[in-house]
1. Any idea which of (1) modelled with pLDDT under 90; (2) within 13 Å of residue 153 (Cβ to Cβ); (3) surrounded by 11 or more Cβ atoms within 10 Å (Cβ to Cβ) is the one residue 262 doesn't satisfy?
2. Please work out if residue 50 is without any contact (Cβ under 8 Å) to a residue 40 or more places away in the chain and in a helix (DSSP H, G or I).
3. Just the residues that are surrounded by 11 or more Cβ atoms within 10 Å (Cβ to Cβ) and either touching a residue at least 60 places away in the same chain (Cβ under 8 Å) or out of contact with any helix residue (DSSP H, G or I) (no Cβ under 7 Å at 6 or more places or on another chain) (or both), please, taken from segment 96-111.
4. If you scan segment 161-185, which residues turn out to be surrounded by fewer than 20 Cβ atoms within 10 Å (Cβ to Cβ) and closer than 18 Å to residue 267 by Cβ?
5. Pick out the one residue from 49, 84 that is in contact with a strand residue (DSSP E or B) (Cβ under 9 Å, 6 or more places away or on another chain) and either within 30 Å of residue 231 (Cα to Cα) or exposed (fewer than 10 other Cβ atoms within 10 Å of the Cβ) (or both).
């Protein structure tokens, strides 16, 4: 009887825990960052990342089926046509049906991969009715952000040294001034560089674009929920390449105008240039 009641308790807990987490999802902000011993793709917090994960899952199924089929064929050949089972080898050199099959099947597989791949590339490349524009400028070795629709608000974003990290900060991923974006807003991202090639990569949002000197590249992003999302430059851009993190904070759309006004005051300087000062009281709480 005791064991029976214990089993009921376990079933009750198994039901209540997901329900509690679902109701408390709006209390705990999402965090898009790598995890220890992570085996799967990074969780997605944007429509782009959701489609990238779907395409990854499709490829995983196709590749797994290919591996299984090839393994079964090789095992069958090893058992059926070894010297002991088949002492007299066949002298057949051509088999029309077999040659047609192993030509058409790979073509069909590649077409099944190419069609959704091209659709995904078009979806990632096209900026659909952007509501705001942010210019990202890569430097050795930090980022500068300019809100083109907010009075050319500009500030620098640099890595926080290990000695200055606060409890909860992620080492080599935390920056002094994060890029703040409103949730549910299509944002055009313009990426450029002032020196060498950089790469603006934010895996949780499914966005990556090279910062190339002398040209401006364009992509877009839409944060789907509030939280903090991390990335890094993955282009070998010099000696401090590994210390050029990206930190994005998604806040509610109705809170974004207030943040912009507070940011203008915090980042303002006497000569009109951007000042790399902390925005602890204006930034959203993580």
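The values are calculated or read from the model by the stated rules, or taken from the named source; none is laboratory data. These numbers were taken from a predicted model, which means no experiment stands behind them. Here the Cβ is made from the backbone with ideal geometry for all residues, glycine too, and neighbour counts use every protein chain on show.
1. (1)
2. Working: without any contact (Cβ under 8 Å) to a residue 40 or more places away in the chain: no; in a helix (DSSP H, G or I): yes.
Answer is no for this residue.
3. Residues of segment 96-111 that are surrounded by 11 or more Cβ atoms within 10 Å (Cβ to Cβ), as a first pass: 101, 105-106, 109-110.
Once the filter is applied, which keeps residues that are surrounded by 11 or more Cβ atoms within 10 Å (Cβ to Cβ) and either touching a residue at least 60 places away in the same chain (Cβ under 8 Å) or out of contact with any helix residue (DSSP H, G or I) (no Cβ under 7 Å at 6 or more places or on another chain) (or both), segment 96-111 yields 101, 105, 106, 110.
4. Quick first cut of segment 161-185, residues surrounded by fewer than 20 Cβ atoms within 10 Å (Cβ to Cβ) only: 161-173, 176, 183-185.
Passing the criteria: only 176.
5. On the way: 84 fails: in contact with a strand residue (DSSP E or B) (Cβ under 9 Å, 6 or more places away or on another chain).
Answer to the selection: 49.
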